[in-house]
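The values are calculated or read from the model by the stated rules, or taken from the named source; none is laboratory data. Because the structure is a prediction, the values reported are computed rather than measured. Positions of Cβ are generated from backbone atoms using ideal geometry, with glycine treated the same way; all protein chains shown enter the neighbour counts.
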């Protein structure tokens, strides 16, 4: 069956961005959060982003209103019962995701596809909490979702070809390019990106160069839009630390092991832009 109605679990940074893109592309979209306060915060974020787009001439006021008209909020998974596709973008905890998928499995029709936006967790383990593992896959968006053109589709051993094709068609309707990965920690992008970021931290930790020179070297020498330490601050040091630990646990290779400096910065609460301080100081913002 074609995907016509979309549900999104989680209205945080990623969830709100996913919901915004789906609604903007004409899909009636229900976004779920656990409390009215969190839901209102996420919907306000979407309204603000669309308002900025209108101010910059990137969309018309009519298009903004049509997009908002496609969005509906709920504080219960029951509100996603009629969706053809539910994209989970909740906290990166396997137990929480398994509980969400198990509940959705009991609520949604048999044809509904359940997808996780996780960047690191095992999709097969999530799918095992359902009775429809053939209709479970990974659908990993990148931040900021309305801007980034890529999504990773993650195929498990049990994901059916029909499910993957439906997700590929849906992603194209969102204006996204897709790449297909098997279910392995880090998938494609983070499998390459995380060791690169960790090596930059090790260089700083070992006194090879300053943070500015490391970042400038990769921007001007390799044409990267952001240096690795700047990118770590943008992504979140805590997020990278978490993903690296998952990958190290799976592969037991030194290149995935978080450097001591990264661990101590996370323990100190220096998460990057979101906390006001990481490798750079953002407190003036």
Note on region 272-283: residues in contact with a helix residue (DSSP H, G or I) (Cβ under 6 Å, 6 or more places away or on another chain) and on the phi > 0 side of the Ramachandran plot are 272
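Is it the case that residue 50 is under 24 Å from residue 235 (Cα atoms), surrounded by 14 or more Cβ atoms within 10 Å (Cβ to Cβ), more than 18 Å from the chain's Cα centre (by Cα) and without any contact (Cβ under 8 Å) to a residue 60 or more places away in the chain? Break it down into steps so the answer makes sense when it comes.
Working: under 24 Å from residue 235 (Cα atoms): yes; surrounded by 14 or more Cβ atoms within 10 Å (Cβ to Cβ): yes; more than 18 Å from the chain's Cα centre (by Cα): yes; without any contact (Cβ under 8 Å) to a residue 60 or more places away in the chain: yes.
Yes; evaluated as a whole, the condition is true for this residue.
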Residue pairs qualifying under the 7 Å Cβ cut-off, at least six apart or on distinct chains, with the first in region 174-197 being touching a residue at least 60 places away in the same chain (Cβ under 8 Å) and the second being part of a helix (DSSP H, G or I) and surrounded by fewer than 15 Cβ atoms within 10 Å (Cβ to Cβ), are 185/250; 195/255
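I'd like to know if region 70-78 contains one or more residues that are touching a residue at least 60 places away in the same chain (Cβ under 8 Å), assigned by TED's automatic domain parsing to the domain that holds residue 121 and assigned to a loop (DSSP other than H, G, I, E, B).
So in region 70-78, the residues touching a residue at least 60 places away in the same chain (Cβ under 8 Å) come out as 73, 77.
Those still in the list that are assigned by TED's automatic domain parsing to the domain that holds residue 121 too: 73, 77.
Right, trim to assigned to a loop (DSSP other than H, G, I, E, B) and you get none.
Within region 70-78, none of the residues are touching a residue at least 60 places away in the same chain (Cβ under 8 Å), assigned by TED's automatic domain parsing to the domain that holds residue 121 and assigned to a loop (DSSP other than H, G, I, E, B).
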Among strands (runs of 3 or more DSSP E) entirely inside region 103-202, those with 3 or more residues being in contact with a strand residue (DSSP E or B) (Cβ under 8 Å, 6 or more places away or on another chain), surrounded by 20 or more Cβ atoms within 10 Å (Cβ to Cβ) and not assigned by TED's automatic domain parsing to the domain that holds residue 248 are 113-116, 136-141, 150-155
Screening 185, 195, 259 for residues that are at pLDDT below 95 and at negative phi leaves only 185
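Would you confirm, using the coordinates I've provided, whether residue 220 is over 30 Å from residue 166 (Cα atoms) and touching a residue at least 40 places away in the same chain (Cβ under 8 Å)? Walk me through how you get there before you give the answer.
Numbers: over 30 Å from residue 166 (Cα atoms): yes; touching a residue at least 40 places away in the same chain (Cβ under 8 Å): no.
When the stated conditions are applied, residue 220 does not pass them.
Please specify each residue of region 20-33 satisfying the condition of being more than 16 Å from residue 59 (Cβ to Cβ) and either outside any loop (DSSP other than H, G, I, E, B) or under 18 Å from the mean Cα position of the chain (by Cα) (or both).
Applying the first criterion (more than 16 Å from residue 59 (Cβ to Cβ)) to region 20-33 yields 27-33.
Within region 20-33, 29, 30, 31, 32, 33 meet the criteria.
Output the number of residues of region 90-102 satisfying the condition of being in a helix (DSSP H, G or I) and out of contact with any strand residue (DSSP E or B) (no Cβ under 8 Å at 6 or more places or on another chain).
Narrowing region 90-102 to residues in a helix (DSSP H, G or I): 94-102.
Filter once more, keeping what is out of contact with any strand residue (DSSP E or B) (no Cβ under 8 Å at 6 or more places or on another chain): 94-96, 98-99, 102.
Count: 6.
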Exercise. Scanning for something surrounded by fewer than 21 Cβ atoms within 10 Å (Cβ to Cβ), assigned by TED's automatic domain parsing to the domain that holds residue 173 and under 25 Å from residue 118 (Cβ atoms), does region 10-20 turn up at least one residue?
Worked result: yes
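Which members of region 198-217 meet the condition of being in contact (Cβ under 8 Å) with a residue 60 or more places away in the chain and under 22 Å from residue 184 (Cα atoms)? Before you say what the answer is, go through the steps one by one.
First, pick out the residues of region 198-217 that are in contact (Cβ under 8 Å) with a residue 60 or more places away in the chain: 198, 201, 204, 211.
Selection gives 198 alone.
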Fill in: Some residue of region 89-98 being surrounded by fewer than 18 Cβ atoms within 10 Å (Cβ to Cβ), in the same structural domain as residue 51 (by TED's automatic domain parsing) and over 22 Å from residue 187 (Cα atoms)
no
